[in-house]
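S.K.: Just dropping this structure here.
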2 protein chains.
Amino acid sequence: MSARTAIPAVGLTQVRHAAEIIRGTVLRTPIVPSPALSKLAGTSVALKLEILQATRSFKERGAVVKLASLGRRERRAGVIALSAGNHAQAVAYHAARLGIPAVIVMPEHTPFTKVARTEALGARVVLRGADLAQARRATQDIAAAEGLTLVHPYDDPLIIAGQATCGLEMLEDLPELDVLVVPVGGGGLISGIAAAAKALKPGIAVIGVEAIGYASMRHVLGRGAKPKGGETLAEGIAVQEPGRLTRTIIRALVDDILTVDEPAIERAVAHFVESASLVVEGAGSAPLAALLAHPKRFRRKSVGLVVSGGNIDSRLLASILMRGLVRTGRLVRLRTEITDQPGVLARLTRVLGEHGGNIIEIYHQRLFYDVPVKLAEVDVVVETRSAAHVGELLAALEQADFPTRLLSSTALKDG
Amino acid sequence: MSARTAIPAVGLTQVRHAAEIIRGTVLRTPIVPSPALSKLAGTSVALKLEILQATRSFKERGAVVKLASLGRRERRAGVIALSAGNHAQAVAYHAARLGIPAVIVMPEHTPFTKVARTEALGARVVLRGADLAQARRATQDIAAAEGLTLVHPYDDPLIIAGQATCGLEMLEDLPELDVLVVPVGGGGLISGIAAAAKALKPGIAVIGVEAIGYASMRHVLGRGAKPKGGETLAEGIAVQEPGRLTRTIIRALVDDILTVDEPAIERAVAHFVESASLVVEGAGSAPLAALLAHPKRFRRKSVGLVVSGGNIDSRLLASILMRGLVRTGRLVRLRTEITDQPGVLARLTRVLGEHGGNIIEIYHQRLFYDVPVKLAEVDVVVETRSAAHVGELLAALEQADFPTRLLSSTALKDG
């Protein structure tokens, strides 16, 4: 891209300087082994817990380095950032701490909870633009009109040097790491981590992970087709226009970028809850999803996963957990045909109970089902032990003369 | 209780020895500040993250110290433990690691997932007894018949010394702590922590927390009425017969035991997810519940919360999250009276949409509602922004001639 050599703008000197700046104000997060996820992935997994930061993501690292670089006049005038997510919260939180006024621009129709959360941190939130492009223009306009300094979410050497401290800490704490697996959105986190890690340990592999609908870094580096966008659980890395500076660093230093699909991300979020007691957002779960999707690639390595953020909507999380129970055969919906007579429902529920099925919900209706008028259908939601147990229940119902279909999409293989 | 002095059986020497024994096999868990929970509780909160242990609770500390104390013959014969919870998993995991055969006794009717999880760790699970008393007798019988060493969950100086390492680490990492808040079941964790902490820093306060239905330690120490039992989210501390050794230590060293009710525990579990990205079981959430119930008591202190375990059923967690949304006005169920004509439902849903209500579910039925035959009632589950927003929606519906009642138990006060 330029005449400069491999690592433009961000070297170990900048990273160590950034580490000095954030000391005491950004948490030096722990990196912990996870035997349960290691077993699941068939390798040795350590988790860098950026979810433990005050605003629950790594974004504070870069934001603090950038804010600390401002002169007195810039601080007095204030800063501006375009983000409805973790970057917004990181800038708002640390600007407030430093007494710097902060404006955060979010597109119109941003969910109210995101607005409220950022306002609660002391920032002025401005809703502008029907989409991100319009909001970006509004950000530039407001910045120019009010003389504010823009805090870019990734395409700034100071931001990158800040995010790089995450990689520095990982290798200081666990020098034996062979591979770092890092989510990729705009590319700030991975370019920083790669700059730090490759300087400290040239033999280490740094692997990026993108959501398949937003594999735009892979695309601009000529390693994949133009992504299609769409809905994704990994909002934090759903970036259509990756950084220019970050892509140069990534091209030079990152070994590969993998993609993961939505079901894989969803399963990873559930695994973090069920096997590691951690609430991890979609973007932060992408590295685990990649590990589980490409087990051979990581076998017998010491793998450091960057668990980058923990901001996930509670309703979404609840629904991921319930869907996980359905997927693994611990919750099923059965539709049973019964004769429409008193006592039959009692017999049906007894059969289920005797075979260890715990009834959660039951729907008994006959108007709209496609059955003869003397028959009725009952839908039962049952808590089960495993996919094998579901098979047992179906067999028991069949034997008791209750023809039953499984309505939920449970794979009737092993538990 | 005896002629011995204040700290029977467990002193700093034993605790430091236990710390040596567990080094490298039990995680030295991080203790991290939580600005969000600090703000919520109006004080300074640090979290000791025992949920990061391999089996997701502190129980491994004591189990490892006990297992390490066994002679060659005892190891060959094997160990036995009575538990369906965290103690079972801790013993199973470390016995397997050390090549010691382990039998885990659980009462009959223990949920299958608990059996499966412990078996997966390599233990032989034996289901015996309709209740805990019967299961305890069965445990003694099997231990005698097979020559197994009992690993008691709390009433053993080695177990207590093991749990004490948790307190040792807390004060090593954050010597400025003023108060430690610790869940109390059988009393192993708090008696260990108190022994370590009071020896290192006599001025520190150690406060226990019990679920109100199982405040049996408070009771046996003469500080409260006999608890009533019943259902509790805090299964891990639902102990009816607290330890004899532990109660002696607690009487001597623990400053107070607070109780928390079920709604407080439920809210604390939700707060951990929403404000700290952590999955914490009911027992482990009891200290946060106590902090929020007694804010004055902890104001302007440096408070260390022992986040003791992270094993919680996914369905239960999902339901706690959804109930939290209802409680805080972010999810409501409305019942609206409509005239039974084409187009009316479209108008109703438009009013909701225009005022920012996101419809999640809708039930339109007229057979069973107590309304005139030309009217019908519609139940709508709506995602809302806050309790104030619910009020806005209700007013908007009223104004549009849709008389509406709020069916969910949302407090229509602040958001």
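S.K.: Using Cα pairs under 8 angstrom and six or more residues apart, how large is the relative contact order of the range B:328-406, in percent? Spell out each step's value before the answer.
M.R.: Values: 130 pairs, mean separation 37.8, N = 79.
Reported as a whole number, the value is 48 percent.
S.K.: Continuing with the same structure: Helix B:188-200 versus the longest principal axis of chain B: what angle, 0 to 90°, nearest 10, using Cα atoms?
M.R.: Helix B:188-200 sits at roughly 70 degrees to that axis.
S.K.: Using only Cα atoms, what is the ratio of the radius of gyration of the range A:1-81 to 2.2 N^0.38 Å? Before the final figure, lay out each step's value.
M.R.: Values: Rg = 17.4 Å, N = 81, 2.2 N^0.38 = 11.7 Å.
The reported ratio for this selection is 1.49.
S.K.: Taking the alpha-carbon set of the range B:99-253, what are its Rg and Dmax in Å?
M.R.: Here Rg and the maximum Cα pair distance are 17.2, 50 Å.
S.K.: Compute the helix-to-body angle for A:344-354: its Cα long axis versus the longest principal axis of chain A, expressed 0 to 90° and rounded to tens.
M.R.: 60
S.K.: Which residues make up the longest stretch of chain B that has no trypsin sites (Lys or Arg not before Pro) in a DSSP loop with at most 10 other Cβ atoms within 10 Å?
M.R.: Counting only loop sites that pass the neighbour cut-off, the longest clear stretch is B:5-227.
S.K.: Taking R0 as 45 Å, what FRET efficiency do you get between A:LYS226 and B:ARG335 from their Cβ-Cβ distance, rounded to the nearest 0.05?
M.R.: Efficiency computed from Cβ-Cβ geometry: 0.40.
S.K.: Given N residues in the range B:328-406, what is its alpha carbon radius of gyration divided by 2.2 N^0.38 Å?
M.R.: Working: Rg = 11.9 Å, N = 79, 2.2 N^0.38 = 11.6 Å.
Normalised Cα radius of gyration, the range B:328-406: 1.03.
S.K.: Further, regarding this structure: Ignoring ligands, DNA and RNA, what percent of the 1.4 Å accessible area of chain A is carbon and sulfur?
M.R.: On chain A, the fraction of accessible area on carbon and sulfur atoms equals 52 percent.
S.K.: State, to one decimal in nm and shortest first, how far the label point of A:PHE112 sits from each corresponding label point in the other identical copies (label point: 7 angstrom along Cα-to-Cβ).
M.R.: Counterpart label points of A:PHE112 in the remaining copies fall at 4.3 nm.
S.K.: Take the alpha carbon atoms of the range A:215-291, find their center, do the same for the range A:160-189, and report the distance between the two centers in whole angstrom.
M.R.: A separation of 15 Å, based on Cα centres.
S.K.: What area, in nm² and to one decimal, does the C-alpha convex hull of the range B:251-291 cast on average over all directions?
M.R.: Values: hull surface 12.8 nm².
So the Cα hull casts an average projection of 3.2 nm².
S.K.: Would you please give the FRET efficiency between A:GLU241 and A:SER408, computed as 1/(1 + (r/R0)^6) with r the Cβ-Cβ distance and R0 = 51 Å, to the nearest 0.05? Walk me through the numbers on the way to the answer.
M.R.: Working: r = 39 Å, r/R0 = 0.77.
The formula returns an efficiency of 0.85 here.
S.K.: If I model a spin label at B:LYS39 and A:ASP379 as a point 7 Å from the Cα along the Cα→Cβ vector, what separation in nanometres do I get?
M.R.: Label at B:LYS39, label at A:ASP379, 4.1 nm between them.
S.K.: Taking A:GLY229 in one copy and the same position in all the others, each labelled 7 Å out along Cα→Cβ, what are the pairwise distances from the first, in nm, shortest first?
M.R.: With the label placed 7 Å along Cα→Cβ, A:GLY229 yields 6.1 nm.
S.K.: Just name one of A:SER319, B:MET106, B:LEU67: the one whose Cα is farthest towards the positive end of the charge dipole of the protein assembly as shown (beta-carbon charges, Lys/Arg +1, Asp/Glu -1).
M.R.: Result: B:LEU67, furthest along the dipole toward the positive end.
S.K.: Need one number: the % of Cα-Cα pairs in the range A:169-312 sitting beyond the 23 Å mark.
M.R.: On the way: 2991 of 10296 pairs.
Percentage above 23 Å: 29.
S.K.: Still on this structure, please answer the following. Which value at 222 nm does chain B reach when only helices count, each DSSP H run of 4 or more adding -39,500 (n - 2.57), with the total divided by all residues and rounded to the nearest 500 deg cm²/dmol?
M.R.: About -13500 deg cm²/dmol.
S.K.: If you take all C-alpha pairs in the range A:270-381, what percent of them are over 16 Å apart? Walk me through the intermediate numbers first.
M.R.: On the way: 4395 of 6216 pairs.
Within the range A:270-381, distances greater than 16 Å cover 71 percent of Cα pairs.
S.K.: Placing a label point 7 Å from Cα toward Cβ, how far apart in nm is B:PRO295 from its equivalents in the other copies, listed shortest first to one decimal?
M.R.: Label-point distances to the other copies, shortest first: 5.0 nm.
S.K.: Along the principal axes of its C-alpha atoms, what lengths does the range B:212-286 span, in descending order and rounded to whole Å?
M.R.: Largest to smallest, the principal-axis extents are 37, 26, 16 Å.
S.K.: Let me spell out the model: positive unit charges on the Cβ of Lys and Arg, negative unit charges on the Cβ of Asp and Glu, origin at the Cα centre of the range B:328-406. What dipole size does that give, in debye rounded to 20? All intermediate terms of the calculation are to be shown ahead of the outcome.
M.R.: Numbers: 9 positive and 11 negative charges, 21 e Å.
Charge dipole of the range B:328-406: 100 debye, to the nearest 20.
S.K.: Then there's this: Taking 0.36 nm per residue of sequence separation and subtracting the Cα-Cα distance, how much length would be gained by fully extending the chain between A:ALA400 and A:ALA388, in nm to one decimal?
M.R.: On the way: separation 12, 0.36 × 12 = 4.32 nm, distance 1.87 nm.
Extending this stretch completely gives an extra 2.4 nm.
S.K.: Compute the long axis of helix A:262-276 from its Cα atoms, compare it with the longest principal axis of the Cα atoms of chain A, and write down the angle in degrees, 0 to 90, nearest 10.
M.R.: 90
S.K.: If you don't mind, there's one more thing I want to ask. Among A:VAL260, A:ALA196, A:ALA54, whose Cα lies farthest out toward the positive end of the dipole of chain A, if unit charges sit on the beta carbon of Lys, Arg (+1) and Asp, Glu (-1)?
M.R.: Most positive-ward Cα: A:ALA196.
S.K.: Can you give the log10 of the normalised intensity I(q)/I(0) at q = 0.14 Å⁻¹, computed with Debye over equal Cα scatterers of chain A?
M.R.: Log-scaled intensity ratios, in q order: -1.15.
S.K.: Let me ask something else. Against the empirical 2.2 N^0.38 Å scaling, what ratio does the C-alpha Rg of the protein assembly as shown come to?
M.R.: Details: Rg = 28.3 Å, N = 830, 2.2 N^0.38 = 28.3 Å.
The value comes to 1.00.
S.K.: Magnitude of the Cβ-charge dipole of the protein assembly as shown, K/R +1 and D/E -1, about the Cα centre, nearest 20 debye? If you can, show how the numbers build up before the last one.
M.R.: On the way: 98 positive and 80 negative charges, 456 e Å.
Here the size comes out at about 2200 debye.
S.K.: Right, here's the next one. Let me spell out the model: positive unit charges on the Cβ of Lys and Arg, negative unit charges on the Cβ of Asp and Glu, origin at the Cα centre of chain B. What dipole size does that give, in debye rounded to 20?
M.R.: Values: 49 positive and 40 negative charges, 268 e Å.
Using Cβ point charges on Lys, Arg, Asp and Glu, chain B gives about 1280 debye.
S.K.: Rounded to two decimals, what is Rg over Rh for the range A:79-147 when you use alpha-carbon atoms and the Kirkwood radius? Don't skip to the end; give the middle numbers.
M.R.: Values: Rg = 11.0 Å, Rh = 11.6 Å.
Value, to two decimals: 0.94.
S.K.: Once you put a point 7 Å from the Cα of A:ARG73 and another 7 Å from the Cα of B:GLU354, both along the Cβ direction, what distance in nm separates them?
M.R.: Once both label points are built, they end up 5.1 nm from each other.
S.K.: For the range B:3-136, what is the Kirkwood hydrodynamic radius in Å, using each pair of distinct C-alpha atoms?
M.R.: On the way: mean 1/r = 0.0594 Å⁻¹.
Across the range B:3-136, the inverse of the average 1/r is 16.8 Å.
The values are calculated or read from the model by the stated rules, or taken from the named source; none is laboratory data. All values reported here derive from a predicted model rather than from experimental measurement. All Cβ positions, glycine included, derive from the backbone under ideal geometry; neighbour counts span all protein chains shown. Side chains are part of the model used for accessible areas, which takes the heavy atoms of the whole protein and leaves out ligands, DNA and RNA. Shrake-Rupley method; radii C 1.70, N 1.55, O 1.52, S 1.80 Å.
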